[in-house]
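The structure appears right after this line, and notes come after that.
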Amino acid sequence: MFTTELLRQLDKITGQYEQKQAALLPVLHAVQEKEGLISPESEQDVSRYLGVPVVHVHEAVSFYHLFHQTKKGKCHFSVCQTTSCALLGGEDIIGHIKDRLGIKPGETTPDGKFSLSVVECLGACELAPMMQCNKEYRGFLNKKKINELIDQNK
Ligand code: FES
């Protein structure tokens, strides 16, 4: 069940759309921002709130990598594995993060500080190899930059 504060925020978002259902993605972003993930219960709440089938909500949540069905670490690395990034060392970046943090893609460190995901093109190929660190894009990655990022967020 959404809090009164979140409901007010969602009403403000949906008020910008002619049809409430068209606000599915911004509503999901707002819910995730507040709750840290989109749980099955949240999918039900969003379904009721927007008046769309819950399967429609689940399809969006499971399709877009920006939505999380499990809680992510404070610092979530989403490393691009698509062609431009792969050609410029993306696999080494993923391997280095795995070695440094002791986790595989899809996992979170036991202290809840870091999560690692491997994603498809983030539309910033000119920054290859790149990743998203929470909402921020980080480009021209190398092991030194990864080490600095990890050390800053420990
Ligand atoms: S291939 Fe990595 S951002 Fe496009």
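Derivation of every value follows stated rules applied to the coordinates shown; laboratory data play no part. Quick caveat: nothing in here was measured; it's all calculated off a predicted structure. Because the Cβ atoms are built from the backbone with ideal geometry, glycine has one as well, and the counts that use them run over all protein chains shown.
Note down the relative contact order for the chain as a percent, whole number, built from C-alpha pairs under 8 angstrom at least six residues apart. Can you show the working numbers first?
Values: 210 pairs, mean separation 28.3, N = 154.
RCO, the chain: 18 percent.
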Original post:
Highest GNM mean-square fluctuation, the chain, Cα pairs closer than 10 Å: which of E120, E43, E18?
Top reply: E18
Original post:
What does the convex hull of the Cα atoms of the chain come to per residue, in Å³, rounded to a whole number?
Top reply: 122 Å³
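Using Cβ contacts closer than 10 Å as the measure, can you line up S42, S47 from fewest to most? Don't skip to the end; give the middle numbers.
On the way: S42 21, S47 17.
So the ranking, lowest neighbour count to highest, is S47, S42.
For the range 75-152, what's the relative contact order in percent, using C-alpha pairs closer than 8 Å and at least 6 residues apart?
Numbers: 125 pairs, mean separation 29.5, N = 78.
In percent, rounded to a whole number, it is 38.
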**OP:** Note the per residue figure in Å³ for the convex hull of the C-alpha positions in the range 80-142.
**Re:** 74 Å³
Subject >> Fully extended contour minus Cα-Cα distance, from K154 to R8, at 0.36 nm per residue >> reply: 49.1 nm
Original post:
How about the chain: what cysteines have no other cysteine beta carbon under 4.7 Å from their own?
Top reply: C75, C121, C125, C133
**OP:** Tell me the label-point distance for the pair A124, F140, using the 7 Å Cα-to-Cβ offset, in nm and rounded to one decimal.
**Re:** 1.3 nm
Subject >> Dipole magnitude of the chain about its Cα centre (Cβ charges: Lys, Arg +1; Asp, Glu -1), debye to nearest 20 >> reply: 400 debye
**OP:** Of the listed pairs K98/K145; K20/K74; K104/K144; K113/K144, which have alpha-carbon separations greater than 23 Å here?
**Re:** K20/K74
